[in-house]
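S.K.: The structure is given below, and queries will be raised subsequently.
The values are calculated or read from the model by the stated rules, or taken from the named source; none is laboratory data. Values in this document were obtained by computation on a predicted structure and should not be read as measured data. Reconstructed Cβ throughout: ideal geometry from the backbone, glycine too, with neighbour counts over all protein chains shown. Remember, those area values only see protein heavy atoms, side chains included, never the ligands or the DNA or RNA. Shrake-Rupley method; radii C 1.70, N 1.55, O 1.52, S 1.80 Å.
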Amino acid sequence: MDAFPKCSVCQQQFTLKGPAPYLLPCLHAVCETCVTSAAGGVISCSTCQREVNLTDTSLQKDAVRQKEIFHLTIKHRHTELLCTNDDGNQAVCWCPECEEFLCEYCQNLHNRFKATRRHVVETFTDTTSGSMYAESVCKLHNRYPLEYFDKSCNSVICAKCRLGEHADHDVADLGVAADAARGRIEQHGKNVTAHHTSHQAYLNSISKAVNDTKKTSSDLKEAIHHTFHSLRTQLDQREKELIIDLENKTKQELSNLHIEKVTSEGESQRCKWTSDYINTVIRYASNSDFLTLESSIQDTTKTHLTSLPTDTHRTPAAAFNTSGLDKLKSEISEFGCISGYGSLPSDKGTQTDDSHLTDAERTREHLEFLEVPTDPTPPPGFGPKLQLSADRANTDMCHVTTGGELVNSPPATQHRHSGRLREYQGTCASTPIPLPPSPSTVTPVPHTPRYWETHSRVGVVGVVGRGWW
(Lines give C-alpha, C1' and ligand atoms only; values in the text may rest on other atoms or scores of the structure.)
Protein backbone atom coordinates (compact mmCIF):
# COMPACT_ATOMS: atom_id res chain seq x y z
CA MET A 1 0.00 0.00 0.00
CA ASP A 2 1.16 3.51 -0.83
CA ALA A 3 2.14 5.46 2.30
CA PHE A 4 -0.11 8.36 3.24
CA PRO A 5 1.82 11.62 3.86
CA LYS A 6 2.34 12.65 7.47
CA CYS A 7 2.55 15.95 9.30
CA SER A 8 6.21 16.89 9.84
CA VAL A 9 5.44 18.11 13.37
CA CYS A 10 2.98 15.69 15.02
CA GLN A 11 3.68 12.77 12.65
CA GLN A 12 -0.03 12.05 12.21
CA GLN A 13 -1.22 10.78 8.82
CA PHE A 14 -3.27 13.17 6.75
CA THR A 15 -6.82 12.04 5.99
CA LEU A 16 -9.36 13.27 3.49
CA LYS A 17 -11.62 14.72 6.14
CA GLY A 18 -8.92 15.62 8.63
CA PRO A 19 -6.89 18.84 9.10
CA ALA A 20 -5.70 20.26 5.79
CA PRO A 21 -1.97 20.11 4.94
CA TYR A 22 0.07 23.33 4.67
CA LEU A 23 3.31 23.66 2.74
CA LEU A 24 6.47 24.65 4.65
CA PRO A 25 9.37 26.49 2.92
CA CYS A 26 11.36 23.23 3.15
CA LEU A 27 8.61 21.55 1.02
CA HIS A 28 7.48 19.37 3.92
CA ALA A 29 3.85 19.38 5.04
CA VAL A 30 2.36 20.42 8.38
CA CYS A 31 -1.27 19.96 9.40
CA GLU A 32 -3.61 22.85 10.09
CA THR A 33 -3.86 21.88 13.78
CA CYS A 34 -0.11 22.29 14.30
CA VAL A 35 -0.14 25.60 12.42
CA THR A 36 -2.85 27.09 14.61
CA SER A 37 -1.36 25.75 17.84
CA ALA A 38 2.31 26.60 17.17
CA ALA A 39 3.96 27.77 20.39
CA GLY A 40 5.40 31.26 20.02
CA GLY A 41 4.45 31.29 16.37
CA VAL A 42 7.40 29.03 15.51
CA ILE A 43 7.13 25.62 13.84
CA SER A 44 10.05 23.20 13.88
CA CYS A 45 10.07 20.60 11.11
CA SER A 46 11.02 17.27 12.66
CA THR A 47 12.08 15.91 9.26
CA CYS A 48 14.83 18.41 8.47
CA GLN A 49 14.98 20.31 11.84
CA ARG A 50 14.32 23.63 10.12
CA GLU A 51 12.41 26.25 12.12
CA VAL A 52 9.81 28.52 10.51
CA ASN A 53 8.62 31.77 12.11
CA LEU A 54 4.93 32.12 11.18
CA THR A 55 4.98 35.85 11.88
CA ASP A 56 7.40 36.33 9.01
CA THR A 57 6.21 33.53 6.73
CA SER A 58 2.71 33.00 5.40
CA LEU A 59 1.92 29.35 4.74
CA GLN A 60 -0.38 28.25 1.94
CA LYS A 61 -2.41 25.08 1.70
CA ASP A 62 -0.56 22.23 0.03
CA ALA A 63 -2.92 21.58 -2.90
CA VAL A 64 -0.66 18.87 -4.32
CA ARG A 65 -0.73 16.82 -1.14
CA GLN A 66 -4.48 17.33 -0.86
CA LYS A 67 -4.84 15.72 -4.28
CA GLU A 68 -2.42 12.98 -3.24
CA ILE A 69 -4.49 12.26 -0.11
CA PHE A 70 -7.68 12.26 -2.22
CA HIS A 71 -6.19 9.84 -4.73
CA LEU A 72 -4.77 7.49 -2.05
CA THR A 73 -8.10 7.47 -0.21
CA ILE A 74 -10.01 6.50 -3.36
CA LYS A 75 -7.36 3.89 -4.21
CA HIS A 76 -7.00 2.24 -0.80
CA ARG A 77 -9.88 3.40 1.45
CA HIS A 78 -12.79 3.96 -0.90
CA THR A 79 -15.09 2.00 1.43
CA GLU A 80 -14.83 4.88 3.90
CA LEU A 81 -16.25 7.38 1.39
CA LEU A 82 -19.97 8.15 1.70
CA CYS A 83 -22.29 9.95 -0.64
CA THR A 84 -22.13 13.74 -0.28
CA ASN A 85 -25.97 13.96 -0.16
CA ASP A 86 -25.90 12.50 3.37
CA ASP A 87 -28.04 9.50 2.55
CA GLY A 88 -25.57 7.18 4.29
CA ASN A 89 -24.86 5.19 1.16
CA GLN A 90 -21.36 4.26 0.11
CA ALA A 91 -20.03 6.45 -2.69
CA VAL A 92 -19.08 4.79 -5.99
CA CYS A 93 -18.00 7.77 -8.12
CA TRP A 94 -16.76 11.36 -8.07
CA CYS A 95 -17.87 14.39 -10.06
CA PRO A 96 -14.94 16.79 -10.50
CA GLU A 97 -17.18 19.70 -11.58
CA CYS A 98 -19.58 19.37 -8.65
CA GLU A 99 -16.77 18.15 -6.35
CA GLU A 100 -19.14 15.60 -4.85
CA PHE A 101 -19.12 11.90 -4.04
CA LEU A 102 -22.15 10.08 -5.46
CA CYS A 103 -23.76 6.75 -4.65
CA GLU A 104 -25.43 4.71 -7.41
CA TYR A 105 -28.82 6.31 -6.82
CA CYS A 106 -27.47 9.87 -6.84
CA GLN A 107 -25.34 9.09 -9.88
CA ASN A 108 -28.48 8.15 -11.84
CA LEU A 109 -30.20 11.38 -10.76
CA HIS A 110 -27.04 13.33 -11.59
CA ASN A 111 -27.08 11.96 -15.13
CA ARG A 112 -30.79 12.89 -15.61
CA PHE A 113 -30.66 16.53 -14.55
CA LYS A 114 -30.16 18.92 -17.44
CA ALA A 115 -27.60 21.04 -15.52
CA THR A 116 -25.36 18.07 -14.68
CA ARG A 117 -25.99 15.47 -17.36
CA ARG A 118 -22.93 16.67 -19.33
CA HIS A 119 -20.59 16.37 -16.33
CA VAL A 120 -17.92 13.73 -16.68
CA VAL A 121 -18.39 11.45 -13.69
CA GLU A 122 -15.50 9.15 -12.77
CA THR A 123 -15.92 5.86 -10.96
CA PHE A 124 -13.36 5.00 -8.31
CA THR A 125 -11.87 2.23 -10.44
CA ASP A 126 -11.27 4.63 -13.34
CA THR A 127 -10.06 7.63 -11.35
CA THR A 128 -6.46 8.72 -12.08
CA SER A 129 -4.22 11.11 -10.22
CA GLY A 130 -4.40 13.72 -12.98
CA SER A 131 -8.20 13.86 -13.34
CA MET A 132 -9.43 14.17 -9.79
CA TYR A 133 -10.06 17.91 -9.86
CA ALA A 134 -11.61 20.05 -12.60
CA GLU A 135 -9.93 23.29 -13.54
CA SER A 136 -10.77 26.02 -11.07
CA VAL A 137 -12.96 28.96 -11.95
CA CYS A 138 -12.22 32.64 -11.29
CA LYS A 139 -13.15 33.80 -7.80
CA LEU A 140 -13.96 37.32 -9.03
CA HIS A 141 -15.96 36.31 -12.09
CA ASN A 142 -17.92 33.24 -11.11
CA ARG A 143 -18.15 30.46 -13.71
CA TYR A 144 -15.37 32.01 -15.85
CA PRO A 145 -12.59 29.42 -16.22
CA LEU A 146 -8.99 30.37 -15.51
CA GLU A 147 -7.29 30.55 -18.90
CA TYR A 148 -4.32 32.92 -18.56
CA PHE A 149 -1.25 33.46 -16.41
CA ASP A 150 -0.29 37.04 -15.52
CA LYS A 151 3.52 37.10 -15.26
CA SER A 152 3.48 40.58 -13.73
CA CYS A 153 1.16 39.61 -10.89
CA ASN A 154 2.26 35.95 -10.83
CA SER A 155 -1.39 34.87 -10.76
CA VAL A 156 -3.88 32.86 -12.82
CA ILE A 157 -6.74 34.90 -14.33
CA CYS A 158 -9.81 34.45 -16.50
CA ALA A 159 -10.68 36.14 -19.83
CA LYS A 160 -12.69 38.85 -18.10
CA CYS A 161 -9.76 39.68 -15.81
CA ARG A 162 -7.52 39.77 -18.89
CA LEU A 163 -9.64 42.54 -20.42
CA GLY A 164 -9.98 44.41 -17.16
CA GLU A 165 -7.29 45.39 -14.65
CA HIS A 166 -4.72 43.00 -16.18
CA ALA A 167 -4.99 44.46 -19.70
CA ASP A 168 -1.54 46.13 -19.61
CA HIS A 169 0.25 43.19 -17.92
CA ASP A 170 2.46 40.54 -19.45
CA VAL A 171 -0.03 37.72 -19.89
CA ALA A 172 0.48 34.28 -21.41
CA ASP A 173 -1.77 31.34 -22.14
CA LEU A 174 -2.22 29.20 -19.03
CA GLY A 175 -1.35 25.94 -20.81
CA VAL A 176 1.83 27.38 -22.33
CA ALA A 177 2.94 28.92 -19.02
CA ALA A 178 2.13 25.69 -17.16
CA ASP A 179 4.11 23.59 -19.64
CA ALA A 180 7.08 25.91 -19.26
CA ALA A 181 6.82 25.76 -15.45
CA ARG A 182 6.48 21.96 -15.64
CA GLY A 183 9.65 21.76 -17.72
CA ARG A 184 11.58 23.90 -15.24
CA ILE A 185 10.29 21.85 -12.32
CA GLU A 186 11.28 18.62 -14.08
CA GLN A 187 14.78 20.06 -14.61
CA HIS A 188 14.96 20.94 -10.92
CA GLY A 189 13.94 17.35 -10.19
CA LYS A 190 16.71 16.01 -12.43
CA ASN A 191 19.26 18.28 -10.76
CA VAL A 192 18.18 17.20 -7.29
CA THR A 193 18.16 13.54 -8.37
CA ALA A 194 21.69 13.85 -9.75
CA HIS A 195 22.78 15.54 -6.54
CA HIS A 196 21.11 12.77 -4.54
CA THR A 197 22.90 10.16 -6.67
CA SER A 198 26.22 11.87 -6.00
CA HIS A 199 25.57 11.79 -2.26
CA GLN A 200 24.57 8.11 -2.43
CA ALA A 201 27.81 7.31 -4.27
CA TYR A 202 29.75 9.28 -1.65
CA LEU A 203 27.92 7.46 1.16
CA ASN A 204 28.73 4.14 -0.50
CA SER A 205 32.39 5.14 -0.65
CA ILE A 206 32.26 6.05 3.06
CA SER A 207 30.68 2.67 3.84
CA LYS A 208 33.44 0.97 1.87
CA ALA A 209 36.04 3.06 3.71
CA VAL A 210 34.48 2.00 7.04
CA ASN A 211 34.64 -1.67 6.07
CA ASP A 212 38.20 -1.29 4.73
CA THR A 213 39.24 0.53 7.90
CA LYS A 214 37.81 -2.24 10.08
CA LYS A 215 39.52 -4.89 7.94
CA THR A 216 42.81 -2.96 8.02
CA SER A 217 42.53 -2.62 11.79
CA SER A 218 41.84 -6.36 12.12
CA ASP A 219 44.80 -7.23 9.87
CA LEU A 220 47.12 -4.87 11.74
CA LYS A 221 45.95 -6.23 15.08
CA GLU A 222 46.71 -9.75 13.87
CA ALA A 223 50.12 -8.60 12.60
CA ILE A 224 50.86 -6.94 15.96
CA HIS A 225 49.83 -10.08 17.86
CA HIS A 226 51.96 -12.23 15.57
CA THR A 227 54.97 -9.92 15.81
CA PHE A 228 54.97 -9.83 19.58
CA HIS A 229 54.23 -13.55 19.77
CA SER A 230 57.34 -14.07 17.63
CA LEU A 231 59.33 -11.77 19.93
CA ARG A 232 58.08 -13.61 23.00
CA THR A 233 59.00 -16.92 21.37
CA GLN A 234 62.48 -15.59 20.63
CA LEU A 235 62.82 -14.34 24.22
CA ASP A 236 61.67 -17.73 25.54
CA GLN A 237 64.22 -19.44 23.28
CA ARG A 238 66.95 -17.09 24.49
CA GLU A 239 65.93 -17.84 28.09
CA LYS A 240 66.24 -21.58 27.42
CA GLU A 241 69.66 -21.06 25.82
CA LEU A 242 70.86 -19.07 28.82
CA ILE A 243 69.53 -21.70 31.23
CA ILE A 244 71.27 -24.47 29.25
CA ASP A 245 74.48 -22.40 29.13
CA LEU A 246 74.24 -21.83 32.89
CA GLU A 247 73.66 -25.52 33.53
CA ASN A 248 76.64 -26.48 31.33
CA LYS A 249 78.91 -23.96 33.01
CA THR A 250 77.66 -25.04 36.43
CA LYS A 251 78.32 -28.69 35.63
CA GLN A 252 81.78 -27.82 34.34
CA GLU A 253 82.56 -25.82 37.45
CA LEU A 254 81.21 -28.53 39.73
CA SER A 255 83.27 -31.10 37.85
CA ASN A 256 86.41 -29.01 38.32
CA LEU A 257 85.64 -28.58 42.00
CA HIS A 258 85.07 -32.31 42.32
CA ILE A 259 88.43 -33.06 40.71
CA GLU A 260 90.14 -30.55 43.02
CA LYS A 261 88.34 -32.06 45.99
CA VAL A 262 89.33 -35.62 45.08
CA THR A 263 92.93 -34.52 44.47
CA SER A 264 93.09 -32.63 47.74
CA GLU A 265 91.52 -35.51 49.65
CA GLY A 266 94.09 -37.93 48.21
CA GLU A 267 96.99 -35.62 49.05
CA SER A 268 95.56 -35.07 52.52
CA GLN A 269 95.33 -38.81 53.06
CA ARG A 270 98.89 -39.31 51.85
CA CYS A 271 100.09 -36.54 54.13
CA LYS A 272 98.35 -38.23 57.06
CA TRP A 273 99.95 -41.55 56.19
CA THR A 274 103.42 -39.91 56.06
CA SER A 275 102.76 -38.04 59.31
CA ASP A 276 101.62 -41.22 61.04
CA TYR A 277 104.73 -43.06 59.86
CA ILE A 278 107.04 -40.25 61.05
CA ASN A 279 105.38 -40.44 64.50
CA THR A 280 105.93 -44.17 64.47
CA VAL A 281 109.63 -43.69 63.51
CA ILE A 282 110.14 -41.17 66.30
CA ARG A 283 108.56 -43.54 68.78
CA TYR A 284 110.19 -46.84 67.82
CA ALA A 285 113.29 -46.15 65.61
CA SER A 286 116.85 -46.62 66.85
CA ASN A 287 119.71 -44.31 66.06
CA SER A 288 120.68 -46.29 63.02
CA ASP A 289 117.05 -46.27 61.83
CA PHE A 290 116.94 -42.49 62.01
CA LEU A 291 120.01 -42.21 59.85
CA THR A 292 118.73 -44.75 57.37
CA LEU A 293 115.17 -43.32 56.97
CA GLU A 294 115.99 -39.57 56.99
CA SER A 295 116.63 -39.34 53.27
CA SER A 296 113.41 -41.11 52.25
CA ILE A 297 111.28 -39.14 54.69
CA GLN A 298 112.86 -35.86 53.46
CA ASP A 299 112.07 -36.67 49.81
CA THR A 300 108.48 -37.61 50.66
CA THR A 301 108.02 -34.43 52.67
CA LYS A 302 109.33 -32.28 49.78
CA THR A 303 106.81 -33.99 47.50
CA HIS A 304 103.96 -33.08 49.84
CA LEU A 305 105.16 -29.50 50.29
CA THR A 306 105.31 -28.83 46.52
CA SER A 307 101.48 -29.17 46.33
CA LEU A 308 100.77 -26.99 49.33
CA PRO A 309 97.13 -25.70 48.98
CA THR A 310 95.93 -22.21 49.83
CA ASP A 311 94.26 -21.56 53.13
CA THR A 312 90.76 -21.51 51.57
CA HIS A 313 89.40 -22.22 48.11
CA ARG A 314 88.14 -19.15 46.25
CA THR A 315 84.38 -19.31 45.76
CA PRO A 316 83.76 -19.26 41.98
CA ALA A 317 82.08 -16.03 40.86
CA ALA A 318 79.23 -16.03 38.34
CA ALA A 319 76.90 -13.26 37.23
CA PHE A 320 74.10 -12.65 34.77
CA ASN A 321 75.39 -9.99 32.40
CA THR A 322 72.52 -7.65 31.52
CA SER A 323 74.54 -5.10 29.60
CA GLY A 324 72.36 -3.57 26.92
CA LEU A 325 69.17 -4.37 28.82
CA ASP A 326 68.27 -0.72 29.30
CA LYS A 327 68.86 -0.07 25.60
CA LEU A 328 66.74 -3.09 24.69
CA LYS A 329 63.91 -1.86 26.92
CA SER A 330 64.14 1.58 25.35
CA GLU A 331 64.04 0.12 21.85
CA ILE A 332 61.07 -2.07 22.76
CA SER A 333 59.16 0.96 24.07
CA GLU A 334 59.75 2.72 20.73
CA PHE A 335 59.36 -0.37 18.56
CA GLY A 336 56.58 -0.39 15.97
CA CYS A 337 54.27 2.36 14.83
CA ILE A 338 50.89 2.61 13.16
CA SER A 339 50.98 4.53 9.89
CA GLY A 340 48.08 6.89 9.33
CA TYR A 341 45.06 5.66 7.39
CA GLY A 342 45.00 6.71 3.76
CA SER A 343 48.72 6.08 3.10
CA LEU A 344 50.47 2.80 2.45
CA PRO A 345 53.61 2.01 4.47
CA SER A 346 56.70 2.33 2.29
CA ASP A 347 58.95 0.25 4.54
CA LYS A 348 58.58 -3.45 3.96
CA GLY A 349 60.22 -3.96 7.34
CA THR A 350 56.88 -3.23 8.98
CA GLN A 351 56.13 -6.91 8.51
CA THR A 352 58.05 -9.73 10.11
CA ASP A 353 60.11 -11.98 7.86
CA ASP A 354 57.85 -14.96 8.48
CA SER A 355 54.57 -13.07 8.82
CA HIS A 356 53.07 -15.17 6.04
CA LEU A 357 53.48 -18.38 8.07
CA THR A 358 51.30 -19.87 10.77
CA ASP A 359 52.78 -21.47 13.87
CA ALA A 360 51.82 -24.91 12.55
CA GLU A 361 53.65 -24.24 9.27
CA ARG A 362 56.79 -23.13 11.09
CA THR A 363 57.05 -26.40 12.97
CA ARG A 364 55.57 -28.88 10.52
CA GLU A 365 58.82 -30.11 8.98
CA HIS A 366 62.29 -30.69 10.50
CA LEU A 367 65.68 -31.33 8.98
CA GLU A 368 67.38 -34.26 10.62
CA PHE A 369 70.76 -33.71 8.90
CA LEU A 370 71.83 -30.11 8.78
CA GLU A 371 75.21 -28.39 8.38
CA VAL A 372 75.20 -25.59 10.88
CA PRO A 373 76.39 -22.09 9.90
CA THR A 374 79.15 -20.81 12.16
CA ASP A 375 79.55 -17.35 10.63
CA PRO A 376 77.66 -14.88 12.83
CA THR A 377 77.19 -12.55 9.84
CA PRO A 378 75.84 -14.58 6.89
CA PRO A 379 76.03 -12.90 3.49
CA PRO A 380 73.06 -10.97 2.07
CA GLY A 381 70.32 -13.14 0.62
CA PHE A 382 70.60 -15.81 3.30
CA GLY A 383 67.90 -16.38 5.89
CA PRO A 384 68.27 -15.57 9.59
CA LYS A 385 71.23 -17.09 11.39
CA LEU A 386 70.53 -20.69 12.34
CA GLN A 387 71.82 -21.47 15.82
CA LEU A 388 72.32 -24.98 17.13
CA SER A 389 70.99 -26.12 20.49
CA ALA A 390 73.27 -28.42 22.48
CA ASP A 391 70.40 -30.81 23.26
CA ARG A 392 69.76 -31.35 19.51
CA ALA A 393 73.31 -32.11 18.34
CA ASN A 394 75.56 -35.14 18.09
CA THR A 395 78.48 -33.92 20.19
CA ASP A 396 80.77 -36.96 20.01
CA MET A 397 83.32 -34.98 17.98
CA CYS A 398 82.25 -31.40 18.67
CA HIS A 399 80.55 -29.06 21.11
CA VAL A 400 78.19 -26.09 20.89
CA THR A 401 79.16 -22.73 22.34
CA THR A 402 76.82 -20.55 24.36
CA GLY A 403 76.36 -18.44 21.24
CA GLY A 404 75.02 -21.45 19.36
CA GLU A 405 78.15 -21.93 17.20
CA LEU A 406 79.64 -25.30 16.35
CA VAL A 407 83.25 -25.99 17.33
CA ASN A 408 85.16 -29.11 16.23
CA SER A 409 86.48 -30.19 19.62
CA PRO A 410 85.02 -32.55 22.21
CA PRO A 411 83.02 -30.92 25.00
CA ALA A 412 84.29 -30.76 28.55
CA THR A 413 81.05 -32.35 29.76
CA GLN A 414 78.40 -34.27 27.87
CA HIS A 415 74.89 -32.85 27.69
CA ARG A 416 72.33 -35.18 29.17
CA HIS A 417 70.36 -35.21 25.86
CA SER A 418 73.37 -35.46 23.54
CA GLY A 419 73.04 -39.18 22.80
CA ARG A 420 70.85 -38.74 19.71
CA LEU A 421 71.93 -39.16 16.07
CA ARG A 422 75.15 -41.01 17.03
CA GLU A 423 74.84 -43.57 14.27
CA TYR A 424 75.75 -40.85 11.73
CA GLN A 425 79.32 -39.71 11.20
CA GLY A 426 80.20 -36.05 11.42
CA THR A 427 77.99 -33.46 13.01
CA CYS A 428 74.22 -33.47 12.54
CA ALA A 429 71.22 -32.05 14.32
CA SER A 430 67.45 -31.65 14.03
CA THR A 431 66.30 -28.06 13.78
CA PRO A 432 62.99 -26.60 12.46
CA ILE A 433 63.16 -24.58 9.24
CA PRO A 434 60.50 -21.92 8.40
CA LEU A 435 58.46 -22.91 5.36
CA PRO A 436 57.63 -20.60 2.44
CA PRO A 437 53.94 -19.97 1.64
CA SER A 438 52.20 -22.57 -0.48
CA PRO A 439 50.45 -20.95 -3.50
CA SER A 440 47.72 -23.57 -3.83
CA THR A 441 47.00 -24.72 -0.32
CA VAL A 442 47.68 -23.75 3.24
CA THR A 443 49.38 -27.08 3.99
CA PRO A 444 52.59 -27.74 2.00
CA VAL A 445 52.80 -30.85 -0.12
CA PRO A 446 54.14 -33.74 2.02
CA HIS A 447 57.68 -35.02 1.40
CA THR A 448 58.69 -31.87 -0.47
CA PRO A 449 62.52 -31.59 -0.17
CA ARG A 450 63.66 -28.48 1.68
CA TYR A 451 67.17 -27.41 2.57
CA TRP A 452 69.07 -24.59 4.22
CA GLU A 453 72.17 -23.07 2.67
CA THR A 454 74.97 -22.33 5.10
CA HIS A 455 77.97 -20.05 5.22
CA SER A 456 80.74 -21.57 7.36
CA ARG A 457 83.95 -20.07 8.72
CA VAL A 458 86.73 -22.70 8.56
CA GLY A 459 90.25 -22.49 9.91
CA VAL A 460 93.04 -25.14 9.94
CA VAL A 461 94.52 -25.63 13.39
CA GLY A 462 96.87 -28.50 12.59
CA VAL A 463 97.37 -31.82 10.86
CA VAL A 464 96.64 -35.05 12.72
CA GLY A 465 98.43 -38.02 11.16
CA ARG A 466 97.84 -39.03 7.60
CA GLY A 467 94.62 -40.93 7.97
CA TRP A 468 91.27 -40.07 6.49
CA TRP A 469 89.67 -37.10 8.13
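S.K.: List the lysines whose Cα sits under 18 Å from the Cα of LYS240, skipping any in the same chain fewer than 8 residues away.
M.R.: LYS249, LYS251, LYS385
S.K.: Same structure again: Are any of the pairs LYS114/LYS160; LYS61/LYS114; LYS6/LYS75; LYS190/LYS214 more than 25 Å apart by Cα-Cα distance, and if so, which?
M.R.: Details: LYS114/LYS160 27 Å; LYS61/LYS114 34 Å; LYS6/LYS75 18 Å; LYS190/LYS214 36 Å.
Beyond 25 Å between Cα atoms: LYS114/LYS160; LYS61/LYS114; LYS190/LYS214.
S.K.: Could you tell me how far the Cα centroid of segment 54-104 sits from the Cα centroid of segment 249-290, in Å?
M.R.: 132 Å
S.K.: What accessible surface, in Å², does a 1.4 Å probe find on ASP179, ignoring ligands, DNA and RNA and rounding to the nearest 10?
M.R.: Roll a 1.4 Å probe over it and ASP179 shows about 100 Å².
S.K.: As I understand it, the dipole of segment 11-151 uses +1 on the Cβ of Lys and Arg and -1 on the Cβ of Asp and Glu, about the Cα centre. Which of HIS76, LEU16, THR125 lies farthest toward its positive end?
M.R.: Of the listed residues, the answer is THR125.
S.K.: Right, next: Among ILE297, SER207, LEU246, which residue has its Cα positioned farthest towards the positive end of the charge dipole of segment 172-325, with +1 placed on the Cβ of Lys and Arg, -1 on the Cβ of Asp and Glu, and the dipole taken about the Cα centre?
M.R.: About the Cα centre, the residue reaching furthest to the positive side is SER207.
S.K.: Under a point spin-label approximation (7 Å from Cα along Cα-to-Cβ), what is the TYR277-ASP126 distance to one decimal in nm?
M.R.: Going by the 7 Å Cα→Cβ label model, 15.1 nm.
S.K.: Still on this structure: If each of LEU109 and GLU253 carries a label point 7 Å out from its Cα toward its Cβ, how far apart are those two points in nm?
M.R.: With each label point 7 Å from Cα toward Cβ, the separation is 12.4 nm.
S.K.: Can you put VAL210, VAL192 in order of accessible area, largest first, using a 1.4 Å probe?
M.R.: On the way: VAL210 65, VAL192 95 Å².
Ranking VAL210, VAL192 by accessible area, largest first, yields VAL192, VAL210.
S.K.: Now, a different point. Let me check something: with ligands and nucleic acids excluded, how do SER136, SER58, SER217, SER8 order by accessible area (1.4 Å probe), largest to smallest? The partial results should precede the final answer.
M.R.: Working: SER136 70, SER58 110, SER217 45, SER8 5 Å².
Greatest to least solvent exposure: SER58, SER136, SER217, SER8.
S.K.: Also, I was wondering about something else. Can you bin segment 39-161 into rounded, prolate or oblate? Criterion: square roots of the alpha carbon gyration tensor eigenvalues sorted a ≥ b ≥ c, rounded for a/c under 1.5, prolate for a/b above b/c, oblate for the rest.
M.R.: Values: a/c = 2.68, a/b = 1.38, b/c = 1.94.
Verdict is oblate for segment 39-161.
S.K.: So, in nm, how far is label CYS337 from label LEU220 when the simple model puts each one 7 Å beyond its Cα toward the Cβ?
M.R.: Here the answer is 1.3 nm between the modelled labels.
S.K.: With every protein chain kept in place and ligands, DNA and RNA left out, what is the accessible area per residue of segment 177-327? Probe 1.4 Å, answer in Å².
M.R.: With the other protein chains kept in place, segment 177-327 gives 84 Å² per residue.
S.K.: Further, regarding this structure: In whole percent, and with a 1.4 Å probe on the protein chains, what portion of the accessible area of segment 4-144 is carbon and sulfur?
M.R.: About 48 percent, which is the carbon plus sulfur part of the accessible surface.
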